[in-house]
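Student: The following block contains the structure, expressed as structure tokens.
All of the numbers you see were taken from the coordinates with simple rules; none came from a lab. Note that the coordinates shown come from a computational prediction; the quantities given were computed from them, not determined experimentally. As a convention, Cβ positions derive from the backbone with ideal geometry for all residues, glycine included, and neighbour counts pool all protein chains shown.
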Amino acid sequence: MHIEKSKTITERATRVIPGGVNSATRRLSQPYAWEWAEGAQIRDVDGNTYLDYHAAFGPIVLGHNDPTVNAAVAKALTGPDMVGVGITEQEIMLAEKVVQHVPSAEMALAFSSGSEATYMAVRLARGVTGREKLIKFQGTFHGWHDYLLMNIASPADKIGKKDPGSAGQLADAIDNTIIVPFNDLAATEQAILDHPGQIAAIFMEAIPHNIGCVLPRQDFVEGLRRLCDTHGIVLVFDEVITGFRHGLGGYQSVLGVKPDISTFAKAIANGYPCAIIAGKRELMLQFSTAPGGKVFVGGTYNGHPVGSAAALATIAALEDGTIYERTFRLGDRMRAGLAEIAGRLGIEMVSAGFGSVFTPYFMSGKVERYEDLLANDTARDVGFRQGMCERGIFMLPMPIKRNHISAAHTDADIDRTLETAEIVMKTLR
Ligand SMILES: Cc1ncc(COP(=O)(O)O)c(C=O)c1O
């Protein structure tokens, strides 16, 4: 595979952009520069075309450059760009759609990125409870801000300890965030009892997808709801990945458990910047957008016409349910197909996933929390992904990352992926 142009462009980028990329997880061992993306395909500047399962870390749910979404965005460009006071009908329509579809959403506010939404959820929880501490689970990611950037894919020696994600994080922020193993209700309850009257919120990725796909147990989520009710804690479901990808009502509609606050981004707008925080009316009215609200909210680009138009068009495309039906079926085929090939070749694999998301872990045993994934064979995992990329199938070449199927993927794409997976897995034995 030729990558000379990608190399040259990346070298040019590194002269003016630190590391040559605009987000840390975009820098891979092989340089990639892109010139085209459409449907399920992406093409680099050297002319290599890939079947894309990375989906830009998840937003691409309809397919790249979806013509309906792009047309809605183009139409939005003929309306007011930004005035910066008041409201537009489009912003109202977006909030109405969120309230209509998401079981726990009584009101909604729009932002541009998931990190802004989770940051606001932190501030809201602290503002309404007057408490400072947060609980999050080992293995979850909620964005780049100080308060929750901790204990994601931690190395084994950091399990059970604080594992901040960045230099420069406030010591207070690190101290005030308590880490608990996922799916462990007893440990969560103990953390609450150890800090009586101090926990403002429990943050949970509705499915911890930043470590592939670790499904929450039903009794765990119901238990969290009970604990939060008993102790006056705000339960936040971070549905930045799961929202609109796993259903119009997010993964909470699958679980049948209502959080107090939810956050959405990514798949809501098929690749355009749009994020939402939504939840109980009495909590949402504490935001300073409402008279008397004491929890400050700002953001020049909140509710931007481009992101809002893209979100409305994406939601409209998802509303009749046929895309979920098809992508979930393709997801089932992929998970079963990978497991079948691995089994036949004697390769240990847990073929995890939900709906349109799939993650082959190269291990055996149960996967209920991040700690279980320390058994994943990282070399095999990355080797598999690299082998797929070299053969034109783009699966992010990093361990335990999820893959996404979009509405643009076909049965023929799944066939080709499984045929290629078999070839690559044979090289791994
Ligand atoms: C679950 C979750 N929450 C929040 C975020 C932050 O979203 P953004 O990158 O749009 O700031 C991410 C990003 O990957 C995420 O996966």
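Student: If you find the alpha carbon centre of the stretch 35-101 and of the stretch 320-341, how far apart are they in angstrom?
Tutor: 23
Student: Sticking with this structure for a sec: Which of GLY19, GLY365, GLY392 moves most in a GNM of the chain, Cα contacts under 10 Å?
Tutor: Greatest mean-square fluctuation among the candidates belongs to GLY19.
Student: Hey, what number do you get for the chain at 222 nm if only DSSP H runs of n ≥ 4 count, each worth -39500 (n - 2.57), divided across all residues, to the nearest 500?
Tutor: -11500 deg cm²/dmol
Student: Determine by what factor the alpha-carbon radius of gyration of the stretch 67-318 differs from 2.2 N^0.38 Å, reporting the quotient.
Tutor: So the Cα radius of gyration is 0.99 times the expected 2.2 N^0.38 Å.
Student: Please find, in a Gaussian network model of the chain (springs between Cα atoms separated by less than 10 Å), the residue of ALA267, ALA24, ALA201 whose mean-square fluctuation is greatest.
Tutor: In the Gaussian network model the winner is ALA24.
Student: Right, next: Just tell me which aspartates and glutamates come within less than 19 Å, Cα to Cα, of LYS401; anything on the same chain fewer than 8 places away is out.
Tutor: ASP52, GLU205, ASP238, GLU239, ASP332, GLU348, GLU368, GLU371, ASP372, ASP377, ASP381, GLU390
Student: Continuing with the same structure: Along the Cα-to-C-beta direction of GLU340, a point sits 7 Å from the Cα; which residues of the stretch 413-429 have their amide N less than 20 Å from that point?
Tutor: Those under the cut-off are 413-427.
Student: Contour minus end-to-end for LEU418 and ALA290, with contour as 0.36 nm per residue of separation and end-to-end as the Cα-Cα distance?
Tutor: Net length gain for the segment: 40.9 nm.
Student: Here's another thing I want to ask about it. Taking K and R as +1 and D and E as -1, what net charge do the other residues with C-beta under 9 Å from the C-beta of LEU51 add up to?
Tutor: Neighbour charge sum, excluding LEU51 itself: -1.
Student: Turning to a different aspect of this structure: Tell me, how many Å apart are the Cα centres for the stretch 212-243 and for the stretch 350-411?
Tutor: For the stretch 212-243 versus the stretch 350-411, the Cα centre distance is 24 Å.
Student: Just the C-alpha atoms of the chain: what Rg/Rh do they give, with Rh taken as the Kirkwood radius?
Tutor: Ratio of gyration radius to Kirkwood radius for the chain: 0.96.
Student: Under 14 Å from a point placed 7 Å out from the Cα of MET82 along the Cα-to-Cβ direction: which residues of the stretch 295-310 have their backbone N that close?
Tutor: 298-308
Student: Something else: For the stretch 67-318, build the charge dipole from Cβ charges (+1 Lys, Arg; -1 Asp, Glu) around the Cα centre, then report which of PRO273, ALA72, HIS304 sits farthest towards its positive end.
Tutor: The residue sitting farthest along the positive end of the dipole is ALA72.
Student: Work out the count of Lys pairs in the stretch 67-318 where the Cα-Cα distance is under 27 Å, with the pair 8 or more places apart or on different chains.
Tutor: 24
Student: Between CYS228, CYS274, CYS213, where does the largest GNM mean-square fluctuation fall for the chain, given springs only between Cα atoms within less than 10 Å?
Tutor: Taking springs between Cα atoms under 10 Å, the residue moving most is CYS228.
Student: A further question on this structure: Spin-label point model (7 Å from Cα, Cβ direction): what's the ARG15 to ALA74 distance in nm?
Tutor: Each label point is offset 7 Å from its Cα along the Cβ direction, giving 3.6 nm.
Student: Can you work out the Karplus-derived ³J(HN,Hα) for every residue in the stretch 191-203? Use 6.51 cos²θ - 1.76 cosθ + 1.60 with θ = phi - 60°, whole Hz, and x for glycine or proline.
Tutor: Karplus-based 3J(HN,Hα) across the stretch 191-203 equals 4, 5, 5, 6, 10, x, x, 10, 8, 7, 8, 10, 9 Hz.
Student: Moving on. For Cα pairs less than 8 Å apart in space and 6+ apart in sequence, what is the mean separation divided by the residue count of the stretch 238-374, i.e. the relative contact order in percent?
Tutor: Values: 178 pairs, mean separation 22.8, N = 137.
About 17 percent, as a whole number.
Student: If we count every other residue with Cβ under 10 angstrom of ALA352's Cβ, Lys/Arg +1 and Asp/Glu -1, where does the sum land?
Tutor: +2
Student: Taking amide H positions as placed in the peptide plane 1.01 Å from N, state which residues far from PHE111 in sequence (5 or more) or on other chains have amide H under 5 Å from it.
Tutor: Distant-sequence amide H within range of PHE111: ALA275, ILE276, ILE277, GLY303.
Student: I want to verify the translational diffusion coefficient of the stretch 10-155 in µm²/s; compute it with Stokes-Einstein, Rh as the Kirkwood radius over Cα pairs, at 20 °C and 1.002 mPa s.
Tutor: In µm²/s, the coefficient rounds to 111.
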